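Peer 1: Just dropping this structure here.
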Amino acid sequence: MHFDLTDLRLFVLTAEEGNLTRAAARQHLSLAAASARIKALEAQAGLPLLYREARGMRLSPPGEAFLHHARGVLRQAERLRTDLQEYGGGLRGHVRVFANTTAVTDFLPEILPGFLAGNPRVNIDLQEKPNAEIARGVLDGRADIGIVAGQVDTLGLQALHFSTDRLVLVTARAHPFSTYTSIAFAETLEEDAVGMQQGSTLQTFLAQVTDKLGKPLKLRIQLSSFDAMCRMIGAGVGVGIVPESAARRNQDSMNLALVELLEPWSVRERYILVRERETLPAYAKSLIEAIFAHYQKASQQYTNPEISDMKTHL
């Protein structure tokens, strides 16, 4: 078969979009040119790779196999490009990371400045994604590394455990719930709530929980960071569900109270997802090592007797 990388990218985009018009636009091709390229691929394969339907296109069984190999070829071509840049004196590496809300807004901002300072020729493309899309992104090569928490289908990827996260109810110290040691999430739903922005991993998860309970959150305001949430909660706007690490960081300065949630889902194991750790470029492995080192240091810090009264779940 004879095809170029443009053919493969177009086919992958068509499979992702389920629509040739949108795929052509993303590849900066006319619809006629895109259609001709797809037909040429199918002619060379001797098999229909896509089913044409009223609402767009979907993969045929041979198309599923073709998609798997097309993504593999594109990954290798991208790796070749980035490796060659090192010899040209340009950028040595580019790490694509898909991560959940907590990673993007809470702990990666603590880790990445030191990593980037120590790796001046490495760039990072960090995108917040829902847990399910993180795993798919790593599997199909759109991301080199994924960071997830909780119950996630890892799709057969290597899952590297690096810490344990806990969600807690955060209130102002003057709020009646501030005297509780623990509470069921359902008990909080009558209260005004402070939440993360629409589409964030955490807010999407909480919406799924409230759907099952048959009662939505009474959201007063939605924000883009846990620190901003804590500020609003401390000011008495409402209560909120926040990772314990973020809540403790702001507890004293913002007059917050932390209440344990009784639900098992409040404790979430954190994992780094990769296709094959051994085959990652050295700079991607270094980022993984930096994340592990950060939490190893944090674990040692919180076992220090001088601060043993701090309840933490890192």
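All of the numbers you see were taken from the coordinates with simple rules; none came from a lab. The structure presented is a predicted model; accordingly, all values stated were derived computationally and were not measured. Don't worry about glycine lacking a Cβ; one is built from the backbone with ideal geometry, like all the others, and counts go over all protein chains shown.
Peer 1: Whose amide H sits under 5 Å from the amide H of Arg173, counting only residues 5 or more places off or on another chain, with H placed in the peptide plane?
Peer 2: Ala257
Peer 1: To continue, here is another question. Treat each spin label as a single point 7 Å out from the Cα along the C-beta direction, and report the Leu116 to Ala45 distance in nm.
Peer 2: 4.0
Peer 1: Go through the range 25-30 residue by residue and turn each phi into a ³J(HN,Hα) via Karplus (6.51, -1.76, 1.60, θ = phi - 60°); whole Hz please, and just put x for glycine and proline.
Peer 2: Going residue by residue, I get 5, 5, 8, 6, 10, 6 Hz, with x marking Gly and Pro.
Peer 1: Another one. I'd like the distance between the alpha-carbon centres of the range 9-53 and the range 116-194, rounded to an integer number of Å.
Peer 2: 36
Peer 1: Given Cα pairs under 8 Å that are at least 6 residues apart, what percent is the relative contact order of the range 89-139?
Peer 2: Numbers: 50 pairs, mean separation 28.7, N = 51.
Computed over the range 89-139, the figure is 56 percent.
Peer 1: Based on the alpha-carbon set only, what is the convex hull volume of the range 175-275 divided per residue, in Å³? Please report the intermediate quantities before stating the final value.
Peer 2: Details: hull volume 11.9 nm³, N = 101.
Hull volume normalised by residue count: 118 Å³.
Peer 1: Length gain on complete extension for the stretch Gln208 to Thr6, per 0.36 nm per residue less the alpha carbon to alpha carbon distance?
Peer 2: 68.8 nm
Peer 1: Only one of the listed values, (1) 25.0, 106; (2) 19.0, 61; (3) 23.1, 72, was derived from the coordinates as Rg and Dmax of the Cα atoms in Å; which label is it?
Peer 2: (3)
Peer 1: While we're on this one: If you wrap a convex hull around the alpha carbons of the range 5-86, what volume per residue comes out, as a whole number of Å³? Walk me through the intermediate numbers first.
Peer 2: Numbers: hull volume 7.3 nm³, N = 82.
So the per-residue Cα hull volume is 89 Å³.
Peer 1: Sticking with this structure for a sec: Which residues' amide hydrogens lie under 5 Å from the amide hydrogen of Asp165, considering only partners 5 or more residues apart or on another chain, with H built in the peptide plane?
Peer 2: Counting only residues 5 or more places away or on other chains, the set is Arg268, Glu269, Arg270.
Peer 1: Turning to a different aspect of this structure: Return the lysines within reach of Lys285: Cα separation strictly under 27 angstrom, same-chain partners fewer than 8 residues apart disregarded; answer none if there are no such residues.
Peer 2: Lys129, Lys297
Peer 1: Turning to a different aspect of this structure: At a threshold of 8 angstrom on Cα-Cα distance, excluding pairs fewer than six apart, so keeping six or more, what relative contact order does the chain reach in percent?
Peer 2: 18
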